[in-house]
Amino acid sequence: MCGVAGVFERSGARRVEEGGLRRMLAMLRHRGPDEFGMLLDREAGIANARLSIIDLSGGSQPISNEDETLWVVFNGEIFNYVELRAGLEAKGHRFRTSSDTEVIVHLFEERGPGCLSHLNGQFAIAIWDTKARRLFLGRDRLGVRPLFYTEAEGALLFASEIKSLLSDGRVRAELDPSVIEQVFTFWAPLASHTVFRGIREVPPGHFLVVDARSLEVKRWWSPSFKTAAVPAGARPRRFEEVVEEFRALLIDACRIRLRADVPVGAYLSGGLDSSTIASIVERHGGTKLSTFSIAFEDPRFDESAYQRSMAQALGTEHHVVHATHADIGRAFPEVVWHAEVPVMRTAPVPMFLLSKLVRDQGFKVVLTGEGADEFLAGYDIFKEAKVRGFWARRPDSKLRPLLLKRLYGDIPGLANLQPELLAAFFKDALGEVDSPFYSHAIRWRNSARARRFLLPSGRAGAADRHLQELAASLPADFHSWEPLGRAQYLEATIFLSQYLLSSQGDRMGMAHSIEGRFPFLDTRLVEFCNSLDPRLKLRGLREKHLLKAAARPWLPEAILRRVKRPYRAPIHRSFFGPHAPDFVDEVLSERALARAGLFEPGAVDRLLRKVREGDGIGETDDMALAGILSSQLLHRLFVEAFRASEPLSSKDRVRVCRIQEA
């Protein structure tokens, strides 16, 4: 795992400056503290901050092909690099290292941008072509690893994190209210957007090619949820056969993610997904497994009893970080600094604390269970869409909406609503079953209520604009998919890619130089699950039916029978009360709100009074509070107080490659 950065002075009027690259790398030190490397080639420079995991002594970046016409820097892991290397060597490619990075540059030499479809991994790649004077940037299918870019004064700059771009004096930190609107509806920016004006991300499953004359962004992969048809004359596979194929794919996904020259641990939440991964790793890892968990002071969020039970069943070396309300409030500004986006939840904070524990225990790599809920239908939002679709066929039924009482047990009071109130809550747009956003309409309606705190200019017409943009980005055959597939697509491309793998995933791990690996996101497994009959994933209202069948031989019955409990963390209790952090009053003051120019001070003041007076704070208000606080902190940390760090010095281990002019 690493951080990457670079500059391409497209006009050719100026040379790339080594000092500027060093400043960009210094801002990524937390991502790759082991060593630093850069290539300087007149108008272009690419750089890498390395967290050494594979080929510790020989995998220094940048790495070139045989004749040094192509140079690569890379953030991530290619899990099938062993198999790819064998094929490339058979074609005559010669390797100098044992790293997965070198496989990329030779595969690009062989196949160009088409190389990406052969990579099973999580990656952000930059390749400089010295002959064509062309820069290539590529990002993995689901956006596990970040990659941002911007244009300034004729130059294109790219980096793993926005703060690295901002270290260049030509790039200005300015928040974009229209993207903050998106966050306050979808919980994250839509793909390609960031909350900083003029700074974009390479979207998941896309690549960018830029030279002196043109800049082009192209999609190379998109998730498809089209159910595979049974060939004419063939019998449908028995459920047991599907289970065996799924189990074999999952075991191999874990196996190749254990490829590392450093110890590998696992997160253990006490739920089905992480327990399944930990069980496989414990059986196939070859050494005693170390597991890591979060325990909460607040019992409404704590799952430590299940975590201890699972760790004992596996016999792991178990480590726990205890997250108090005070811990969450105190760490929140640092979390926002690393996330670089408003967060509508405090859930990233305990993950930040957990990654520190992992690092303190001497680990760099952990396997986790992300992706199972999205691709195996584990969330209540999928059940909600199914119940509402069933209800819509008899909209006057009094019994059908009562099925909704079986959902969202983690949201206080919702399941206990009177039947008429429950029906009223979920009946909005009930008959619009053909809408592409039917599955998410209720969630987005409710979270959009948080936009009432934005200034009027940030509220008018916002929902329609963003939904139109989202609709235009949907795959051409989206409407032909089963309803569950459409819901899964939205959840995977927005919640998973734009929030879970970013604010709660990559950023919180890499803040302490920890790499997360995600077996459920193995490309073979994702595409297998997406092609299945929806009933194999969501059987009635039984979530993750296939996974439960596959994991039954490995897990205690208590884990298999557990009711799904989404990972959440306390919000307002972390910022108010006896351990309230000092920054809250400062960033929510009328003066600070006026400086940022994002929120209506009167509306924010009413929310604060409601919290301080102990009135009931609902889910929407709690999320609005987190979003307002994190937006205000972004303004303070980046717009008002951003300072580029000191560049890498002679004390840092820096490898500099220079292309000599002819």
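Charges only on Cβ, +1 for Lys and Arg, -1 for Asp and Glu: so what's the dipole of the stretch 573-640 about the Cα centre, in debye to the nearest 20?
In debye, rounded to 20, the stretch 573-640 gives about 80.
For the stretch 136-253, report the translational diffusion coefficient in µm²/s to the nearest whole number, using Stokes-Einstein at 10 °C, 1.306 mPa s, and a Kirkwood Rh over Cα pairs.
91 µm²/s
Below 8 Å between Cα atoms, with a sequence gap of 6+, how large is the relative contact order for the stretch 380-481 in percent?
Relative contact order, the stretch 380-481: 24 percent.
Can you work out the FRET efficiency for the pair ALA476 and LYS651, with r the C-beta to C-beta distance and R0 = 45 Å, to the nearest 0.05?
It comes out at approximately 0.25.
Please work out the C-alpha center-to-center distance from the stretch 224-277 to the stretch 365-436 and express it in whole Å.
26 Å
With a bin width of 5 angstrom, please list the P(r) values of the stretch 415-529 as percents of all Cα-Cα pairs, from the 0 bin to the one holding the largest distance.
Each 5 Å bin holds this share of Cα pairs: 2, 8, 13, 17, 17, 16, 13, 9, 3, 1, 0.
Along each of its three principal axes, how wide is the spread of alpha-carbon positions in the stretch 543-658, in whole angstrom units, largest first?
61, 57, 26
Mind putting a number on the dipole of the stretch 59-116 about its Cα centre? Charges go on the C-beta only, +1 for Lys and Arg and -1 for Asp and Glu, and I need it in Debye to the nearest 20.
Value, rounded to 20: 60 debye.
Principal axis extents for the stretch 382-422, Cα atoms only, whole Å, descending order, please.
In descending order, the Cα extents are 29, 22, 10 Å.
Restricting everything to alpha-carbon atoms, can you work out Rg to Rh for the stretch 573-640 with a Kirkwood hydrodynamic radius?
For the stretch 573-640, the value is 0.94.
What ranking, highest mean first, results for peptides 195-203, 492-500 when packing means the other Cβ atoms within 10 Å averaged over each residue?
Ranking the peptides 195-203, 492-500 by packing returns 492-500, 195-203.
Given the peptides 506-515, 222-231, 327-336, arrange them by the average over their residues of other C-beta atoms within 10 Å, most packed first.
506-515, 327-336, 222-231
How long are the semi-axes of the equivalent ellipsoid of the stretch 380-481, defined as square roots of 5 times the Cα gyration tensor eigenvalues? Whole Å, largest first.
Those come to 25, 20, 11 Å.
If you take the square roots of the eigenvalues of the alpha-carbon gyration tensor of the stretch 172-227 and sort them as a ≥ b ≥ c, do you get rounded (a/c under 1.5), prolate (a/b over b/c) or oblate?
Taking the square roots of the gyration eigenvalues as a ≥ b ≥ c, the stretch 172-227 is oblate.
At what distance in angstrom do the alpha carbon centres of the stretch 513-529 and the stretch 28-105 lie from each other?
21 Å
Can you give the relative contact order of the stretch 573-640 as a percent, counting alpha carbon pairs under 8 Å and 6+ residues apart?
35 percent
Which of the peptides 212-221, 527-536, 395-404 is most tightly packed, and how do the rest follow, going by the mean number of other Cβ atoms within 10 Å of each residue?
Final packing ranking: 527-536, 395-404, 212-221.
Return the inverse of the average 1/r over all pairs of distinct C-alpha atoms in the chain, which is the Kirkwood hydrodynamic radius, in Å to one decimal.
25.7 Å
Bear in mind that the values in this text are calculations on the coordinates, not laboratory data. Every value quoted in this text rests on a predicted model; they were computed, and no experiment measured them. In this analysis, Cβ positions are derived from the backbone assuming ideal geometry, glycine residues included, and neighbour counts consider all displayed protein chains.
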